[in-house]
Amino acid sequence: MSSSALSSTSSHGSRGAPHIILLPSAGMGHLVPFTHLAVALFAGHGCDISLVTALPTVSSAESSHIAALYAAFPNIRQLDLRLVPFDASSEFPGADPFYVRYEALRRSAPLLLGPLLAGAGASALVADIALASVAIPVARELHVPCFVFFTASATMFSFKAYFPTYLDAVGAGHGVGDVDVPGVYQIPSSSVPQALHDPDNIFTRQFVANGRALVTADGLLVNAFHAMEPEAVEALQGGSVVSGLPPVFAVGPLMPVNDLRETREAAQEQGDYRAWLDEQPPRSVVYVSFGSRKALPKDQINELAAGLEACGHRFLWVVKGAVVDRDDAGELSELLGEGFLRRVQGRGLVTKSWVEQEEVLRHPAVALFVSHCGWNSVTESASNGVPVLAWPRFADQRVNARVVARAGLGVWAEQWSWEGEEAVVRAEEIAELVMEAMGDDGMAEKAANVREAASRAVADGGTSYRSMAAFVRRCTAWRRCIRPCQLNPPQYT
Ligand code: UDP
């Protein structure tokens, strides 16, 4: 194609609106912010949006989320991607299924993405960070501008952008030590995602390739806002992290503008937690969740159960027994024991089902979030002013936990172990910190301030609102062949 991709109008599009193709990778942690971006661009900024979906999805949570999006927004177009077959079990035995899916997408993109972009008449592509290094060359070939969306924190983004430079400087064969991200701050070796300590890990290879490719993108979007991570946003935009980065648009925290229909249908099936929350006094419940894609080890689950029992507070605990929800067939009683469930009945609700977390965090009964600090969980807490007791377990979560503590959104239990470390956090420590956090009015006040800052950022005229508008103007300018160099995001330096 080339020029036709730039000039054609999408079949469902309004004249002049850019047609933006969104290409997420895998897992709810990536899909949720992509769907929020889709809705913000479609409903808030009048863009035409197509969302690429690699089928079948890894988890059932992803398929129901996608179905809900299309039910609620039938004018957002679904572009299915049938992946090229790839036998991961021989090449990457035992690898995380979500990283394997990234790899499958990365191998399919050079073959499938070009025809898909050309056929759709794209004005711009927004590719997930996990696919950056394979998506950018395809888009470039077609003269379609390619933006990369980083779905986690700006601080982690700065680390990622700088990491290849760090590796080049320390040289091959050296372990990963503390990483001093220029203009941001030092990320200690103990907070570096576990996989990155192994240069041959499938995730490390993707991480480094994508980090190197950032300078070749036409722009970078991040689900973060300036007031929460000023150092990182300013360093990314000001060029101190690595030179040559394209414009960085900090557009977060992306929020749902509309509850999805599936949510309401699911409510009828899984309504027990909603009804239970409605019966609890204001600011009395500890919400406990470690995200959509990791299970705690059994002995840690037992300690957490005992800690929640001992803390004396009401709690809603979402327990996962397996990495992928489709494999999570065991009964709660097998995991936790009948005795525990009986003893906490009424005071604590434990579920293995999907809960609508954003709604839980909005509920007036919820006072504290014991969270693994997946970035979406952090932004959802920030948007709702719910203080976080951060217990990172994996990947970027320690970096995010530091952001939580620095921003005043909560506290980070820094000594608590994460995946790969043997120590089990004991029930007494858990109970003690939960009690402390529940009694800390100052922390609740600071979290409320973060909520105010988040809502100012996304409101008309706020930093994130202006960044999003600048991004849309850039896509529109490309569509009209205007040189977009004057359409950079607002700068804070
Ligand atoms: N989530 C949810 N209900 C659940 C578990 C997770 O709604 O029972 C959502 C959560 O609100 C967030 C996403 O799934 O939007 C998980 O992303 P996050 O970055 O917090 O963690 P990850 O699951 O990627 O580790």
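Report, by residue number, each residue of region 25-38 that is more than 10 Å from the ligand (Cβ to nearest atom) and open to solvent by 10 Å² or more (accessible area, probe 1.4 Å). Result: 25, single match. For region 193-232, the set of residues classified as more than 30 Å from residue 144 (Cβ to Cβ) and without any contact (Cβ under 8 Å) to a residue 40 or more places away in the chain consists of 196, 197, 198, 199, 200, 201, listed by residue number. Return yes or no: is residue 278 at pLDDT 85 or above, open to solvent by 40 Å² or more (accessible area, probe 1.4 Å), more than 15 Å from the ligand (Cβ to nearest atom) and of a type in the set (Asp, Glu)? Yes, satisfied. Of everything in region 356-368 that is open to solvent by 20 Å² or more (accessible area, probe 1.4 Å) and over 16 Å from the mean Cα position of the chain (by Cα), the residue that is farthest from the ligand (Cβ to nearest atom) is 364. The C-beta contact set for region 156-178 (first residue among the acidic types (Asp, Glu), second residue open to solvent by 20 Å² or more (accessible area, probe 1.4 Å), distance under 7 angstrom, 6+ apart or interchain) comprises 178/186; 178/188; 178/189. Of all the criteria given as (1) surrounded by 14 or more Cβ atoms within 10 Å (Cβ to Cβ); (2) touching a strand residue (DSSP E or B) at 6+ places or on another chain (Cβ under 8 Å); (3) at pLDDT below 90, the one not satisfied by residue 328 is (2).
If you go through region 384-397 and keep only what is within 13 Å of the ligand (Cβ to nearest atom) and within 22 Å of residue 424 (Cα to Cα), you end up with 388, 390, 391, 392, 393, 394, 395, 396, 397. Within region 136-187, track down each residue that is of a type in the set (A, V, I, L, M, F, W, C) and within 16 Å of the ligand (Cβ to nearest atom). Scanning region 136-187 gives 149, 150, 152, 154, 156, 157.
Could you tell me whether residue 381 is outside any loop (DSSP other than H, G, I, E, B), buried (at least 24 other Cβ atoms within 10 Å of the Cβ) and more than 9 Å from the ligand (Cβ to nearest atom)? In short, yes.
If the condition is being hydroxyl-bearing (Ser, Thr, Tyr) and open to solvent by 10 Å² or more (accessible area, probe 1.4 Å), then region 152-171 contributes 162, 165, 166. The residues in region 78-88 that are exposed (fewer than 10 other Cβ atoms within 10 Å of the Cβ) and assigned to a helix (DSSP H, G or I) can be counted, and the count is 0. Considering 353, 371, 333, the condition of being away from the ligand (no atom under 16 Å from the Cβ) and among the polar types (S, T, N, Q) is satisfied by 333 alone.
Condition check: under 30 Å from residue 17 (Cα atoms) and open to solvent by 10 Å² or more (accessible area, probe 1.4 Å). Does residue 131 satisfy that? When the stated conditions are applied, residue 131 does not pass them. Of all positions in region 298-306, at least one carries a residue that is over 29 Å from residue 26 (Cα atoms) and either surrounded by fewer than 18 Cβ atoms within 10 Å (Cβ to Cβ) or within 15 Å of the ligand (Cβ to nearest atom) (or both).
Between 204, 151, 216, the distinction of being under 30 Å from residue 452 (Cβ atoms) and not hydrophobic (A, V, I, L, M, F, W, C) belongs to 151 only. Check region 399-418 and report whether any residue there is within 13 Å of the ligand (Cβ to nearest atom), open to solvent by 30 Å² or more (accessible area, probe 1.4 Å) and under 21 Å from residue 292 (Cα atoms). No; the residues of region 399-418 include none that is within 13 Å of the ligand (Cβ to nearest atom), open to solvent by 30 Å² or more (accessible area, probe 1.4 Å) and under 21 Å from residue 292 (Cα atoms). Cβ-Cβ contacts under 8 Å between residues 6 or more apart (or on different chains), taken from a first residue in region 17-42 that is within 15 Å of residue 356 (Cα to Cα) and touching a residue at least 40 places away in the same chain (Cβ under 8 Å) to a second residue that is within 12 Å of the ligand (Cβ to nearest atom) and among the charged types (D, E, K, R), are listed as 28/62; 28/293; 29/293.
Every listed requirement among (1) charged (D, E, K, R); (2) under 22 Å from residue 200 (Cβ atoms); (3) modelled with pLDDT of 95 or more is met by residue 103 save one, (3). Residues that are buried (at least 21 other Cβ atoms within 10 Å of the Cβ) and not in a loop (DSSP other than H, G, I, E, B) within region 105-128 comprise 105, 106, 109, 113, 117, 120, 124, 125, 126, 127, 128, listed in sequence order.
The values are calculated or read from the model by the stated rules, or taken from the named source; none is laboratory data. Since the model is a prediction, treat every value here as computed from it, not as a measurement. In this analysis, Cβ positions are derived from the backbone assuming ideal geometry, glycine residues included, and neighbour counts consider all displayed protein chains. To get the accessible areas, we keep the full protein, side chains included, count just its heavy atoms, and leave off ligands, DNA and RNA. Shrake-Rupley method; radii C 1.70, N 1.55, O 1.52, S 1.80 Å.
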